[in-house]
1. Roughly how many nanometres apart are two label points built 7 Å out from the Cα toward the Cβ at M7 and F174?
2. Multiply the residue gap between I205 and N259 by 0.36 nm, knock off their C-alpha separation, and tell me the result in nm, one decimal place.
3. Which whole-Hz couplings ³J(HN,Hα) result when phi for each residue of region 274-284 is put into the Karplus expression 6.51 cos²θ - 1.76 cosθ + 1.60, θ = phi - 60°, listed in order with x for Gly and Pro?
4. Within 10 Å, count the other beta carbons around each residue, average over each peptide in 73-81, 128-136, and list them highest first.
5. Work out the FRET efficiency for I183 and D230 from their Cβ-Cβ distance, taking R0 = 45 Å, and round it to the nearest 0.05.
6. Taking the solvent-accessible surface of protein heavy atoms with a 1.4 Å probe, what is the per residue accessible area of region 1-331 in Å²?
7. Output the peptides 271-281, 239-249 sorted from most to least packed, where packing is the average of other Cβ atoms within 10 Å over each peptide's residues.
8. Stretch T98-Y190 to full length: gain in nm at 0.36 nm per residue minus the Cα-Cα span?
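The values are calculated or read from the model by the stated rules, or taken from the named source; none is laboratory data. Just so we're clear, the structure is a prediction, and the values are computed from it rather than from any experiment. No Cβ is skipped: glycine too gets one built from the backbone with ideal geometry, and neighbour counts run over all protein chains shown. Protein only, heavy atoms only, side chains kept; ligands, DNA and RNA dropped before computing areas. Shrake-Rupley method; radii C 1.70, N 1.55, O 1.52, S 1.80 Å.
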Amino acid sequence: MRLLERMRKDWFMIGIVLAIAGAKLEPSMGVNGGPLKPEITVSYIAVATIFFNSGLSLKTEELTSALVHLKLHLFIQIFTLAFFPATIWLFLQLLSITPINEWLLKGLQTVGCMPPPVSSAVILTKAVGGNEAAAIFNSAFGSFLGIVITPLLLLLFLGSSSSVPFTSIFSQLFMTVVVPLIIGQIVRRYIKDWLERKKPPFGAISSSVLLMIIYTTFCDTFSNPNIDLDKFSLVLILVIIFSIQLSFMLLTFVFSTRNNSGFTPADTVAIIFCSTHKSLTLGIPMLKIVFAGHEHLSLISVPLLIYHPAQILLGSVLVPTIKSWMVSRQKKLLQTRGPLANLNNPEGLESLSIKFGY
């Protein structure tokens, strides 16, 4: 029973493995021009479905309360979409002299360019008891920013790798990403009550469509006899990804807990997860558009496919530790400042409620 429960919980991770294995066994099904016609079903229909689904599920009406925390939002967005990709680029200058597969290294750069995810950072922030409103806002706002900034970053850092003209990229992005997202938000306004009542499985729908995109991406790889991926490079990339995540989580923790930072412990929790997590759901479709027709697309996608489960695994493992730190820090602040000093602080009010049994 435990095995079945575990499989239900991790069905998407299992699905990724099965999709790649299926592509290895029968690549002819998902190649361009094959029976699945991915040049139409994936490049347009699947991508548009994911972003329509995102627009439908995005609770933008809940984000207004988080708008006032401007410093917090600036920190997260600048770290995610500026500091992260720039640091990875500098790091890759050192790694370029190593024997690691160059396309996997380019894939690492694409990870740095990705926006934050809409789900995992929010779920982990909530699990710890951090600033959930800030996590929701920055995940949603970062996703909107990523629609424009991520392709620009990809072209800035990897422009020579793309065979698609700049105008083609943005016209396709507009039609398959922006338009479905806006339509999803408009439709949501009219069926919001029904959505709140029925709670459709938005995450499962997007993940299922994403598996199809992953399958067809790897079909192109395995049907190309010129592509060879050595296990040494793959293992090194795995170690590097975990190292990057741990280093950036520690860095955001140090910066956000300085005496003059102005961030509460609950803010720090949101910062740690939102600043270091990257979106697979938005990332893979974007790579499919920006690197359309590129023979090494699947190799470029591999680091992002590794980064996604790694961030969830690391985050889940660290939840008890971060939660313990946050609670102890909140108690310390309450003792230092006194109960009345925290009446205007939601975090303090929560602590007072616990203390006095409300």
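1. 4.7 nm
2. Here the answer is 15.1 nm.
3. Listing the rounded values in order: 5, 6, 10, 8, 10, 8, 7, 4, 8, x, 4 Hz.
4. The densest-packed peptide leads the list: 128-136, 73-81.
5. Once rounded, the FRET efficiency stands at 0.55.
6. Working: 15430 Å² over 331 residues.
Ligands and nucleic acids excluded, the figure is 47 Å² per residue.
7. Peptide ranking by packing, descending: 271-281, 239-249.
8. Numbers: separation 92, 0.36 × 92 = 33.12 nm, distance 5.49 nm.
Answer, rounded to one decimal: 27.6 nm.
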